[in-house]
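No value in this document is a laboratory result; all are computed from the given coordinates. Just so it is clear, the structure is predicted and the values come from calculations on it, not from any experiment. Virtual Cβ from ideal backbone geometry, glycine too; neighbours counted across all protein chains shown.
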2 protein chains.
Amino acid sequence: MLKMVVDTMGSDNGTSATVPGIITFLKNHNDVEIYAVGKIEELEALKDYPNVTLIDARQVVPMEAGALDVMRAKDSSMLVAINKFLEVGADAIVSAGSTGGFLSSTTLKLKLIEGVERAALISPFPTKIKGKKVTVLDIGANNENTPEQLVQFAKLGKIYANKVFGIEKPNIYLLSNGAEDGKGSPTVKAAHKLLKQENMEGFKGNIEARYALDGEADVIVTGGFEGNIFLKGVEGVASMMGKMIKSAFKRNIFSMIGYLFANKGFKEISETMEYKSTGGAMLLGVNGVVVKGHGSSDAYSFSCAMNVAYKMAKANIVEQIKEGIKENAK
Amino acid sequence: MLKMVVDTMGSDNGTSATVPGIITFLKNHNDVEIYAVGKIEELEALKDYPNVTLIDARQVVPMEAGALDVMRAKDSSMLVAINKFLEVGADAIVSAGSTGGFLSSTTLKLKLIEGVERAALISPFPTKIKGKKVTVLDIGANNENTPEQLVQFAKLGKIYANKVFGIEKPNIYLLSNGAEDGKGSPTVKAAHKLLKQENMEGFKGNIEARYALDGEADVIVTGGFEGNIFLKGVEGVASMMGKMIKSAFKRNIFSMIGYLFANKGFKEISETMEYKSTGGAMLLGVNGVVVKGHGSSDAYSFSCAMNVAYKMAKANIVEQIKEGIKENAK
């Protein structure tokens, strides 16, 4: 049995999303023991599931909380969940609460895997190729990274694409301002050199943000600051265009009729651009599977976040990273 | 009469786009003297216009050229155009050729305005508010910037929004990984402090990439590396979704009928997301108006690039920057 700790509070929709999310998850998984942490009276619906243990915690960490806020909030669902993770030696922890608070406090308490300099936040993006995702990291765990850290991120991303997505030989790129070898910020240029020097298998050079979602890349490596700008820029435009499509169909009676005829293709677009099914973002490099669900998670999206955590735990991703890093240290 | 030098070669469509682009421009402007540089036999169609001087140049600078390549290509339309600019004391220069080559060689030859540390590439982006654009800089003239350079970019952007877009009090933001004051890369954090310290009018703090196109910001300041990732990420997703919309309508006979009913709204989307009408990108901070048209310019897009150059020259943008920088040096 895998052990998964779930912080049920702190997201926009709180337990009204996470509780049905857990129930959905349980329909497809009977080999997981779940520790659900939150206001116990809101977890009622879970109490008859044999694989679920309910743990009461009364405080909710606010969205803008940092690591220290979490550490001080002794009775918060987030800190109680993290402590439970350590206490029972769990495999995975999932929360849709404060991103900053969750990432920094799990990093502090679970600790970095030996040899890992910085944890990286990773998320799969949709691409032009139907069903294919590209894994981008770091999308925001760090404000600044060294070339050596980018090299490590390339390794973490490779292990992830390999073990979680089952891609035998992932194509790895550095996100840059041009495809040519000499392009990039000083940090990216130096990372490029290091990756070339050690002849990393699968490293294909630089990629421009314009082509990042074309489907050629399996892993895209970036510093956390630029990665966050890329992630949010892409999300912003996708949401802007999604709204424009909706209002184009809502213009008048004719456009609504148009929707009746054309809706299938548009459903496909929204499924492709849909970030819900990715569940959220994963923190790689710490001693445990850490998945951060979307702050705006609904039940479906939260169950997807749990699914991702399950897949990562099943793939033994933490052990894989430990070995990968050790091998490189030799 | 304003003097505008036009490099007619080097873009994907060459003179077949730039020559009709010039003709379109001339229909609406009779107060501009144009120096059209390129293979003279391809400029035939321009020879009867009284305000056009044709200048023969035989070489085409390749797209991937750098400054040195341009400097060495003595008979290239780009270098001949730049030299003509200096010789006649022109107001503006427009090219749709090699971006790197054009930006670096104009910076070298026209020189930075006194007091300006780095030139910045600037481009207006569409926003959720119909007709409203947001000016983002630097989108790629630099690989790395200091906090002080970002502060200067804020000033350049403010002058641009004020003088070219006529916005009396532009709202200025720093692109960051969070809206809170303490968020950002070390460079962004330091720039934030400097802007607060000098109490810059209109500076509103940080903005996340997700909200950059919401229409609240008039100017968004970023380092060239991240700015380029933002620009290209946005362009990439917009083009990806544009193609998805097209193919959704092309699925089958029903979806095509749907298009007949709903097309008006979709034409509006493509006009909003259309980068052609912005003409291209402008280099701010050098002694002259420098406009880089899209490499894939068609006649319409190239005439828009010339329009932007015209507007900037009319607004006396170079003098405005000189004064703005001088004032700040006091």
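Inside 10 Å of the C-beta atoms of A:209-221, what's the mean count of C-beta atoms belonging to other chains?
3
Can you give the mean number of other chain Cβ atoms that lie within 10 Å of the Cβ atoms in peptide A:246-258?
Per-residue shielding by partner chains comes out at 5.
Using θ = phi - 60° and the Karplus curve 6.51 cos²θ - 1.76 cosθ + 1.60, what whole-Hz ³J(HN,Hα) does each residue of segment B:282-290 get, with Gly and Pro shown as x?
Taking θ as phi minus 60°, the curve returns 10, 9, 9, x, 9, 7, x, 7, 10 Hz for segment B:282-290.
Name the residue from B:Leu213, B:Pro186, B:Asn199 whose Cα lies farthest towards the positive end of the charge dipole of segment B:160-220, charges +1 on Cβ of Lys and Arg and -1 on Cβ of Asp and Glu.
Toward the positive end, the furthest listed residue is B:Pro186.
7 Å along Cα→Cβ for the label point: how many nanometres lie between A:Thr146 and each equivalent label in the other copies, listed shortest first?
Distances between equivalent label points, in nm: 2.4.
Residue by residue through segment B:55-66, what is 3J(HN,Hα) from phi via Karplus (6.51 cos²θ - 1.76 cosθ + 1.60, θ = phi - 60°)? Round to whole Hz and write x for glycine and proline.
Computed from phi, the couplings for segment B:55-66 are 10, 7, 8, 9, 8, 10, 6, x, 4, 8, 5, x Hz.
Give the percent of DSSP beta bridges with both residues in segment A:102-240 that are antiparallel, rounded to the nearest 5.
Roughly 35 percent of the DSSP beta bridges within segment A:102-240 come out antiparallel.
Could you order peptides B:247-257, B:96-106, B:159-169 by the average number of other Cβ atoms within 10 Å of their residues, highest first?
B:96-106, B:159-169, B:247-257
Say the dipole of segment B:282-330 comes from +1 at the beta carbon of Lys and Arg and -1 at that of Asp and Glu; which of B:Val308, B:Gly288, B:Ile325 then lies farthest toward its positive end?
Result: B:Ile325, furthest along the dipole toward the positive end.
Filter A:Lys232/B:Lys232; A:Lys47/A:Lys84; A:Lys111/A:Lys132; A:Lys74/A:Lys109 down to the pairs with a C-alpha to C-alpha distance above 23 Å, please.
A:Lys111/A:Lys132
Whole Å is fine, so just give me how far the alpha carbon centre of segment A:278-299 lies from that of segment B:227-262.
Each part reduced to its Cα centre gives a spacing of 30 Å.
Tell me which residues come under 5 Å, amide H to amide H, from A:Phe203 once H is placed; ignore anything under 5 positions away on its chain.
Excluding prolines and chain starts, which carry no amide H, the hits are A:Ile172.
I'd like the mean, over residues of A:173-186, of how many other protein chain beta carbons sit within 10 Å of each residue's own Cβ.
Partner Cβ neighbours, averaged per residue: 4.
Using θ = phi - 60° and the Karplus curve 6.51 cos²θ - 1.76 cosθ + 1.60, what whole-Hz ³J(HN,Hα) does each residue of segment A:173-181 get, with Gly and Pro shown as x?
10, 9, 6, 8, 8, x, 7, 5, 4
Quick one: which residues, 5+ away or cross-chain, put their amide H under 5 Å from the amide H of A:Phe125? H built at 1.01 Å from N.
Correct list: A:Val134, A:Thr135, A:Val136.
Charges at C-beta only: +1 for Lys and Arg, -1 for Asp and Glu. How large is the resulting dipole of segment B:1-121 about its Cα centre, in Debye rounded to 20?
Computed about the Cα centre, the dipole is about 200 debye.
Separation of segment B:128-201 and segment B:2-49 by C-alpha centroid, Å?
Between the Cα centre of segment B:128-201 and that of segment B:2-49, the gap is 34 Å.
Within 10 Å, count the other beta carbons around each residue, average over each peptide in A:54-67, B:66-79, and list them highest first.
In decreasing order of mean packing, A:54-67, B:66-79 become B:66-79, A:54-67.
In debye, nearest 20: dipole of the protein assembly as shown around its Cα centre with unit charges on the Cβ of K, R (+) and D, E (-)?
Around 860 debye, computed over the protein assembly as shown.
Ranked highest first by the average count of other Cβ atoms within 10 Å around their residues, in what order do B:176-184, A:147-155 fall?
Descending packing order for the listed peptides: A:147-155, B:176-184.
Could you pull the copy-to-copy label distances for B:Ser270, with points set 7 Å along Cα to Cβ, in nm to one decimal and sorted shortest first?
Shortest to longest, the spacings are 2.3 nm.
Checking the cross-link filter: which aspartates and glutamates have an alpha carbon closer than 17 Å to that of A:Lys183, excluding same-chain neighbours under 8 positions apart?
A:Glu208, A:Glu226, B:Glu64, B:Asp69, B:Asp138, B:Glu144, B:Glu226
Based on DSSP H runs of at least 4 residues, each adding -39500 (n - 2.57), what is the mean residue ellipticity at 222 nm of chain B after dividing by all its residues, to the nearest 500 deg cm²/dmol?
Helix contribution divided over all residues of chain B: -15000 deg cm²/dmol.
From the label point of B:Phe254, set 7 Å along Cα to the beta carbon, how far off in nm is each other copy's matching point, shortest first?
Computed spacing set for this position: 2.2 nm.
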